[in-house]
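The values are calculated or read from the model by the stated rules, or taken from the named source; none is laboratory data. Please read all numbers here as calculations on a predicted model, not as lab measurements. Don't worry about glycine lacking a Cβ; one is built from the backbone with ideal geometry, like all the others, and counts go over all protein chains shown.
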Amino acid sequence: MPNQEYKKIAEYLVDAEVGKREVIKVTAEIKPDLTVEEGYLVQKELVGIKLAEGRRIVGPKMGLTSQAKMKQMKVDEPIYGYVFDYMLIEDGGSLPLHELIHPKVEAEIAFLIGEDITGPGVTGAHVLAKTEYVLPALEIIDSRYENFNFTLPDVIADNASTSRVVFGTSLKKPEQLELDLIGATLSINGEIKDLGAGAAVLGHPANSIAMLANMLARKGEKVRKGDVILTGALTGASMLTVGDFVSGKFDGLGEVTFTVKE
Amino acid sequence: MGPKIKHYAAQLSVAELSGIGVLPITSDNAEITIEEAYQIQLENIKRKVGNGQKIVGKKIGLTSLAMQRLLGVDEPDYGHLLDSMVVENGGKVLIEKVLQPKVEAEIAFVLKEELRGPNVTGIDVIKATDYIVPALEIVDSRIKDWKIKLPDTVADNASSGFYVLGGKPARLSEIDLELIGMVLTKNGEVSNTGVGAAALGNPINCVAWLANRLADFDISLKKGEVILSGALSAAVEAQAGDSFTARFAHIGHVSVHF
């Protein structure tokens, strides 16, 4: 398939994001035989469109990092997408619901990378050695597809459902924490919606970035110094509605909050 | 009701000894109340104590919203821990001693003062706690195929089987139990993860609930007793040859083999 076709699909998805409307998945009609590799080629075009608009990449984000989600999608490798500057919300800030389609929130641990990490052969230990800080985060995912109904190539093309991110302000050196044993709770209006520990992310959140570095290496790319990377959800995803006060609490990493506005 | 209490208690006792599960009590008698179910539990505990076993603590069950929903209840339940249920850390549970075991990871409290309800609060629990340790509970049901309703599990000593204490004893002042993380592995693979908040928002709340509930029976939690405060994650089925380890933030790990 020529690049022009990937770009068309990317524009279809960007239009859905900008127009705040859900669309039919790519594999339903536009390209039923879309492969995982082609999904990433669409994503590359989508990233290119945003960069051409003057957006800046904050860092990659990992998806499908839990056993449950991998089983559900029948995959043995996570996926990645990219977080852009316009997606950031201040800790304690507000999320305007009218900007999104059908957002859900998840609690995650983010890594601020101190040195380039080049695969293949990267392990979790390598990642920890090259991590400057870890910090808590709430990720707001918002698939552009109807009812979050998609195949693996669809969600990859859709930038892994990336939508908004709230980073916490409590930064810790990774050696100060046992990241696989950090407990986190996700509450909405004071009621715990879900919870989990760091090991829910591929056994250890650092493993998630190791897999990212190894996946990027297959394309001649790497994890870069200065990237802030979302490693994957510790909890299930909860639906959001106007008026919700959302809080993620992390053992040793403090709390991250935001409010959902109209 | 007296003869019926004894009858159902004897049924459960036979099931435990023979290793053959029985039909739910609630399928034989849909009218049975929770209070009667606790009387059945106490009947069997009294008999065991009469035979020389010792009560060493209590366990709290149904502390997660998921479990409470599954059984259609809105409060936890409890059972008795006997010295015969103790397995050493890293030790073995003989498969012929259990019917249909599952493993749960929990926080165990060891008390340095008596806790007597009503009106016990979280602060009282903190003051009365000597230390906490990581625990694995091997739950088991004498009811065939785990087909339990609330009165069935209550009568069956809250589906208790065995328990293992491990790790390093820690003071409550050093740890935020609400956010303590746990990962449960079976044969080296992650089965699930959990957090203290899974047990009624905080394991401390579970112990306070128990002290207050026991006041209804004029029973207290005693100095030195072990309190298993409730599962931090879903129970995982165990078979002969399986090994389980739960690792907790701050307080170490605990293992058991089948």
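At-a-glance table
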| item | result |
| --- | --- |
| Answer residue from the range B:190-244, given it is assigned to a loop (DSSP other than H, G, I, E, B), of a type in the set (S, T, N, Q) and over 30 Å from A:Pro205 (Cβ atoms) and is nearest to the other protein chains (Cβ to nearest Cβ) among those | B:Gln239 |
| From the options A:Val201, A:Val246, A:Val256, residue that is away from every other protein chain (no Cβ under 12 Å) and either without any contact (Cβ under 8 Å) to a residue 60 or more places away in the chain or within 30 Å of A:Gly119 (Cβ to Cβ) (or both) | A:Val256 |
| Residue check, B:Ile60 over 30 Å from B:Gly194 (Cβ atoms) and either in contact (Cβ under 8 Å) with a residue 12 or more places away in the chain or surrounded by 20 or more Cβ atoms within 10 Å (Cβ to Cβ) (or both) | no |
| Failed condition for A:Lys71, given (1) exposed (fewer than 14 other Cβ atoms within 10 Å of the Cβ); (2) touching a residue at least 40 places away in the same chain (Cβ under 8 Å); (3) outside any loop (DSSP other than H, G, I, E, B); (4) of a type in the set (Lys, Arg) | (2) |
| Within the range B:112-148, considering residues that are among the aliphatic types (A, V, I, L, M) and touching a strand residue (DSSP E or B) at 6+ places or on another chain (Cβ under 6 Å), the one farthest from B:Lys186 (Cα to Cα) | B:Leu115 |
| One residue from A:Leu100, A:Leu51, A:Leu34, A:Leu112 being on the phi < 0 side of the Ramachandran plot, out of contact with any strand residue (DSSP E or B) (no Cβ under 8 Å at 6 or more places or on another chain) and not aromatic (Phe, Trp, Tyr) | A:Leu34 |
| Test: residue in the range B:94-102 that is among the acidic types (Asp, Glu), more than 30 Å from B:Val190 (Cα to Cα) and surrounded by fewer than 21 Cβ atoms within 10 Å (Cβ to Cβ) | no |
| Some residue of the range A:37-57 being within 21 Å of A:Glu221 (Cβ to Cβ), part of a strand (DSSP E or B), more than 14 Å from every other protein chain (Cβ to nearest Cβ) and touching a Leu at 6+ places or on another chain (Cβ under 6 Å) | no |
| Verdict on A:Lys74 being at pLDDT below 95, farther than 16 Å from A:Asn159 by Cβ and of a type in the set (Lys, Arg) | yes |
| Candidate set: the range B:167-186, residues that are in contact with a Gly (Cβ under 7 Å, 6 or more places away or on another chain) and under 21 Å from A:Leu253 (Cα atoms); chosen: the one farthest from the other protein chains (Cβ to nearest Cβ) | B:Leu177 |
| Failed criterion for B:Ser160 (all others in (1) touching a Leu at 6+ places or on another chain (Cβ under 6 Å); (2) more than 12 Å from chain A (Cβ to nearest Cβ) hold) | (1) |
